[in-house]
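Heads up, the thing below is written out as structure tokens.
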Amino acid sequence: CLDAREICTDLSTLAQTQGAVAAISGGFFLYSEPDIEVPSKRTDPVGLLVSDGQVCLPPVFRRAAIMQRRGKGSEDGLVDMDKIGMDGVKCILKLSSGGDASTMQTLELVIDQKNVKCVHRGNAEVFVVAKKDHIGLAIVGKKVVAVSSTKLNVPLAGFVLSFPTNLAPIGCILDDDDVLITVQYELPFELHDAMAGGPLFFSDIDNDGNNSIDLKSEDFRGSAPPVTFSQDETFDRNLLPRMGVGTTKDGELCCVAVDGRNLDRALGLTLQGTSDLLKSLGCTKAMNLDGGSSKRMVIFDEQSGEHKVVCLSTTEIKANASVRPDPSRPVHSAILFLPPRKS
């Protein structure tokens, strides 16, 4: 799982250069939201992103994610899907005065422990610090963009971290303009890779027995990105291109790229229709990834020796129009399927 913008946004080229046997487009990113503010920018991934063991982005929203678990023996490398949120996530804050490394102090805060709270756009657009002995940090990715003991605007794809001031290092004034703060994250479990999407379509281990699609339970609400899901007034009646993934009881991974927006060949599916398709293919767990014009699937063709797009392109943004005959949107995040490493 990776942020394709750092390497190449053409999925075929990306798969080829990385030695992948197949690749699909990934999770959601900022695009249609009207209030994208610096340091965020259009095309920034939304939600959990773990790449090669490194937590690139935290699971701000409690949403379904496809992941490759890190463990012992047969458990290592297991592909799974589950809802992952900020509960139990450790935020490691590095504080320094004027960027001077000799003044570095570390503050470790675990969400939902010792009155440490996380507020995102699914909860509110403005966070009011209700207690006098608390402080709030507005965080986007690994950057603290604002500090206040009164109120803060909640970042679009970030969150506000609220906690008691007595947890801070002695003598550290968090709201001092001279204090530089960066953030790293540790999940309560180890993963090789992970990519957030959502919603979860169904799961054979759903504890409450409810396997229906529930957008609000995955923080697709309020002004949480993408607004096309959080503020969907069609109630899943839109036929659209879709990307879905699922696993069977035998541990096989199934990926489906559903074509759409093509009156001659494919209209598309609803979320429920995509869920039904994955269930018909024998999946016992399944989830949604970003669809629409972002949907893309590439397979290595042994006969030609090329990585080929095997789904229909959809209209919107043209990428490499002088080279490729079909219009396509750049892929901003991707999931690559690599051959086993030789021992």
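Taken together, the values in this text are just the output of simple stated rules run on the coordinates, not laboratory data. Computed from a predicted structure; not experimentally measured. Cβ coordinates were reconstructed from backbone atoms using ideal geometry, including for glycine residues, and neighbour counts include every protein chain displayed.
Miscellaneous remarks
- The chain shape via C-alpha gyration tensor axes, a/c threshold 1.5: prolate
- Phi-derived couplings, Karplus 6.51 cos²θ - 1.76 cosθ + 1.60 at θ = phi - 60°, listed residue by residue for the range 20-29: 7, 8, 7, 7, 9, 5, x, x, 6, 8 Hz, with x used for Gly and Pro.
- Protection proxy ranking of 187-193, 167-173 - average other beta-carbon atoms within 10 Å, highest first: 187-193, 167-173
- Summed residue charge, Cβ within 9 Å of residue 76's Cβ, Lys/Arg positive, Asp/Glu negative: +2
- Take 215-226, 254-265, 301-312 and order them by the average number of nearby Cβ atoms within 10 Å per residue, most first; the result is 215-226, 254-265, 301-312.
- Net charge of neighbours whose Cβ lies under 10 Å from the Cβ of residue 260, counting Lys and Arg as +1 and Asp and Glu as -1: +3
- Once the Cα-Cα distance is subtracted from the 0.36 nm per residue extended length, the residue 238 to residue 108 segment shows a gain of 42.4 nm.
- Helix 271-280 vs. the chain, principal-axis angle (Cα, 0 to 90°, nearest 10): 60 degrees
- Around the amide H of residue 28, modelled in the peptide plane, lie the amide H atoms of 46, 290, all under 5 Å away and 5 or more residues distant in sequence or on another chain.
- Karplus (6.51, -1.76, 1.60) ³J(HN,Hα), θ = phi - 60°, over the range 281-287, in Hz, Gly and Pro reported as x: 8, x, 6, 9, 9, 7, 8
- Bridgeable lysines around residue 41 (alpha carbons under 27 Å apart, same-chain partners fewer than 8 residues away excluded): 83, 90, 94, 117, 142, 143, 151, 216, 295, 318.
- Dipole magnitude for the chain: about 140 debye, using +1 per Lys or Arg Cβ and -1 per Asp or Glu Cβ, origin at the Cα centre.
- Cα gyration tensor, the range 50-132 - rounded (a/c under 1.5), prolate or oblate: oblate
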